[in-house]
Amino acid sequence: MTIYSKAGKGFRYDFMVKGKRYTKAWFRTKREAQAAQAQRKKEVAKADKMAERNDMGLLDMLNRRLDTLQERSFSTQYYKNTRYAAQRLLKHFGDVPCSTITSRMADDYLLSRSRSSTPLAANADLCLLRATFAWAMKRGQRFIADNPFAGLESFPSHLAEKKRRTPDSQTLDRIIAAAKPEDQPYLWVIRETMARSVEVHRLKWKRVNFEDRYVELKTFKNKDRKPVLRQVPMTDKLYEVLSELYARRDPEKEWVFWCRSYSHKLKRMVDGPYTKGRYTMLKTACRKAGVGYYSFHRFRASGASVMDNNGALISGIQHLLGHADRRSTEIYLEKLRNVERDAMAIYEAQSRRVA
């Protein structure tokens, strides 16, 4: 363990614990470096002690979970929601060992969240935090020994759950026509592939096969979060849109859709998959089309509805939607079918029959 000065970087501490190096520079004086080193040694010792008893600090566990969500390509929105829930939990408890948070304490936290916001907000935090602690417990990690959010009941809400609306083909035509010309290809690809928007963001030109007329979409929506490629046949419209995009593509860009944005981490502009501003774009298009807002996921639901209502086999719909479990497709389609209206039509026809 040493403290030394480094030209241009001030004083630095440098020590090893169990084969792992800990170092930091930019201290103005040797005394500051010594104090920082002593504090860091305490933190390392605390972390090692908790690891020995199958425990972890709350801050460390939450950061590891967020890193995993990024690395395993969970949706951007799910990552953000989990990050906000983690920030609220950390602000409430501080950086305590996870083992000190009991189910009673977790329930009290959710109760305060419900009172300060809404029961629905508390229920959302419950789902996200329960998943976070369950991830930290699972085999292969075992960072913690208990999940204080497991078994807690959600809060009842007086707000009725709104039924999600699914746009028909004519409505989608109006939305796409109302979008800016440069945004229309993106909306067409979403519509014609019935893909999740994050799958379209990942789409690269090497996954577009014009000869055999299909695209390969990469998804991580499976039990093991492993990348899975599925082939989606091109419709004539999709072939037309992608052909036009390919003809005027930038050869240096591997993505079908890309954007340039500022990276706070790298402190410069970087090129990457198209993600910025897409929700605002869609809301604007819906408003100009004179229809209510439909999310990108409703484009996907609309295509599934068309196939289901016209006799497509559920196995084919399942593959196109990228559902690992057939039951997911069945639940999905059950929500799309107008079963209540069909049931009422049968009732009306039979109850009005003349004997």
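The values are calculated or read from the model by the stated rules, or taken from the named source; none is laboratory data. These figures come from a predicted structure and were not determined experimentally. Because the Cβ atoms are built from the backbone with ideal geometry, glycine has one as well, and the counts that use them run over all protein chains shown. The area values use the complete protein model at the heavy-atom level, side chains included, leaving out ligands, DNA and RNA. Shrake-Rupley method; radii C 1.70, N 1.55, O 1.52, S 1.80 Å.
A few points about this structure:
- All helices (runs of 4 or more DSSP H) inside segment 238-328 with 3 or more residues being under 13 Å from LEU187 (Cα atoms): 278-289, 296-309
- The one condition in (1) open to solvent by 40 Å² or more (accessible area, probe 1.4 Å); (2) outside any helix (DSSP H, G or I); (3) within 28 Å of VAL270 (Cα to Cα); (4) in contact with a helix residue (DSSP H, G or I) (Cβ under 9 Å, 6 or more places away or on another chain) that VAL215 fails to fulfil: (1)
- Candidates in segment 178-199 are the residues that are at pLDDT below 90 and not in a loop (DSSP other than H, G, I, E, B); of these, the one that is farthest from GLY292 (Cα to Cα) is GLU199.
- Near pairs, Cβ below 8 angstrom, 6+ apart or cross-chain, from segment 19-40 (part of a strand (DSSP E or B)) to any residue that is hydroxyl-bearing (Ser, Thr, Tyr) and open to solvent by less than 60 Å² (accessible area, probe 1.4 Å): TYR22/TYR13; THR23/TYR13; LYS24/TYR13; PHE27/TYR13
- Remark: pairs (first residue in segment 310-327, over 18 Å from GLU216 (Cβ atoms); second residue open to solvent by 70 Å² or more (accessible area, probe 1.4 Å); Cβ separation under 9 Å; 6+ apart in sequence or on different chains) = ILE314/ARG326; ILE314/GLU330; SER315/ARG326; ASP325/LYS223.
- Among the criteria (1) touching a helix residue (DSSP H, G or I) at 6+ places or on another chain (Cβ under 7 Å); (2) touching a residue at least 24 places away in the same chain (Cβ under 8 Å); (3) aliphatic (A, V, I, L, M), the one LEU203 does not fulfil is (1).
- Among the residues here, ARG249 does not qualify as farther than 28 Å from PRO167 by Cα and either modelled with pLDDT under 90 or open to solvent by less than 30 Å² (accessible area, probe 1.4 Å) (or both).
- Residue within segment 280-291 that is of a type in the set (Gly, Ala, Ser), under 23 Å from TRP205 (Cα atoms) and open to solvent by 40 Å² or more (accessible area, probe 1.4 Å) present: no
- Of the residues in segment 279-299, none is over 30 Å from ARG326 (Cβ atoms) and touching a strand residue (DSSP E or B) at 6+ places or on another chain (Cβ under 8 Å).
- Test: residue in segment 90-99 that is open to solvent by 60 Å² or more (accessible area, probe 1.4 Å) and in a loop (DSSP other than H, G, I, E, B): yes
- Residues considered: VAL228, VAL270, VAL256, VAL189. Of these, the only one that is without any contact (Cβ under 8 Å) to a residue 60 or more places away in the chain and within 22 Å of the chain's Cα centre (by Cα) is VAL270.
- Within segment 231-246, tally of residues that are out of contact with any helix residue (DSSP H, G or I) (no Cβ under 8 Å at 6 or more places or on another chain) and either touching a residue at least 60 places away in the same chain (Cβ under 8 Å) or over 15 Å from GLN318 (Cα atoms) (or both): 4
Yes or no, residue by residue, for (1) open to solvent by less than 20 Å² (accessible area, probe 1.4 Å); (2) aliphatic (A, V, I, L, M); (3) at positive phi; (4) at pLDDT below 90:
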| position | (1), (2), (3), (4) |
| --- | --- |
| THR68 | no, no, no, yes |
| ASN81 | no, no, no, no |
| TRP135 | no, no, no, no |
| ARG139 | no, no, no, yes |
| ILE144 | yes, yes, no, yes |
| ASN147 | yes, no, no, no |
| LEU172 | yes, yes, no, no |
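- Taking the criterion of being modelled with pLDDT under 85, farther than 30 Å from ALA145 by Cα and open to solvent by 100 Å² or more (accessible area, probe 1.4 Å), the only residue of segment 8-56 that qualifies is TRP26.
- Residue in segment 222-233 that is farther than 30 Å from THR68 by Cβ and open to solvent by 30 Å² or more (accessible area, probe 1.4 Å) present: yes
- SER328 buried (at least 17 other Cβ atoms within 10 Å of the Cβ) and hydroxyl-bearing (Ser, Thr, Tyr): no
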